[in-house]
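Heads up: the structure comes next, in structure tokens.
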Number of protein chains: 2
Amino acid sequence: MQEDDPFGIRPGEVAVPLPPAFDAQVYFIGRIRTPWQRREDCPKNARESDAKCTIEIDARWTAALTGIGTCSHLLVLYWMDRARRDLVLQAPRHYGEPRGTFALRSPVRPNPIAASVVRLVGVDGTQLSVIGLDCLDGTPLIDLKPYFASTDAVPDAVVGWHAERP
Amino acid sequence: MQEDDPFGIRPGEVAVPLPPAFDAQVYFIGRIRTPWQRREDCPKNARESDAKCTIEIDARWTAALTGIGTCSHLLVLYWMDRARRDLVLQAPRHYGEPRGTFALRSPVRPNPIAASVVRLVGVDGTQLSVIGLDCLDGTPLIDLKPYFASTDAVPDAVVGWHAERP
């Protein structure tokens, strides 16, 4: 049974050939420490969990944290390194009907970069304590940004297909 | 005069040696078309501009747009391919005092990935019309995600150093 294989293809899903070459490269700048060792243990939605997670920045980048403690919230970009990259239509088990990859927050996408908003609860040297992540322990970090409500918060935004799902 | 060189180093700025190797690779999945050909023409803040921009997705990924038209807002990730990557402290001209890279939204960062929230105003095949971008014409696109107010909107978030700047 492949149904529980998160990286198998389900009925209705479509894969495409990947481009022949990559275009740019990223550095992992740290790791995310969470309580979740297996995919099935991760919260389905970050809002379901109050778990405190730790973002560990590599020592090389220590000075880049200057001033970050004044931010109440951060935008965290991380690399979902266990995901396939070639699906354009996906049928997550809890949604049924296939949806386009760019209409989903699935880890399966051409560039497996997740973006999560977290609440910053503490800074200790190169370690940040945050609330709001739902990823596996050891997930590679690729960026941290200050969250600006003026440009990043759109409280009335709507995802129509999600609002109307049965 | 290097003062106007956006990628030169200003007084108070600090660069570090980059890691010896990259850790992962990205595909450019399309391009962003904007009215701005030169960096100095770009709006300083996306909220300053009502300009309609166009996101052009490569044909390979067309099916991945399925359902995206039901989203009022998207999170757009793009690659700021003209930025240096080795600064940990930066002194943007309009802020004065140096700040850590991870406390800034500057394009200069270890992984030059920008995250912008846009309003989706139209979908025509592989072209999306959006409002809310401030990047150069031709900027490479790396991801599109539906914006979920439930997890992405934090209207009361604060960036202390920014709120308190003179």
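Counted as qualifying within the stretch B:37-132 are the strands (runs of 3 or more DSSP E) with 2 or more residues that are of a type in the set (Val, Ile, Thr), namely B:52-57, B:113-124, B:127-131. Against the numbered list (1) hydrophobic (A, V, I, L, M, F, W, C); (2) at the interface with chain A (Cβ under 10 Å from one of its Cβ atoms); (3) in contact (Cβ under 8 Å) with a residue 60 or more places away in the chain; (4) surrounded by fewer than 20 Cβ atoms within 10 Å (Cβ to Cβ), B:ILE131 comes up short only at (2). Within the stretch A:57-114, the set of residues being more than 7 Å from every other protein chain (Cβ to nearest Cβ), of a type in the set (D, E, K, R) and more than 17 Å from the chain's Cα centre (by Cα) comprises A:ASP58, A:ASP86, A:ARG93, A:GLU97. Just checking, which of A:GLY100, A:GLY96, A:GLY69 is at pLDDT below 95 and not charged (D, E, K, R)? Checking each option against the conditions leaves just A:GLY96. Given the condition surrounded by fewer than 16 Cβ atoms within 10 Å (Cβ to Cβ) and β-branched (Val, Ile, Thr), answer yes or no: does some residue in the stretch A:62-79 qualify? Yes. For residues in the stretch A:150-166 being more than 22 Å from B:GLY160 (Cβ to Cβ) and in a helix (DSSP H, G or I), which is nearest to the other protein chains (Cβ to nearest Cβ)? Within the stretch A:150-166, the match that is nearest to the other protein chains (Cβ to nearest Cβ) is A:GLY160.
The values are calculated or read from the model by the stated rules, or taken from the named source; none is laboratory data. The model shown is predicted, which means the values in this text are computed figures rather than measured ones. Every residue, glycine as well, gets a Cβ built from its backbone with ideal geometry; the counts of neighbours run over all protein chains shown.
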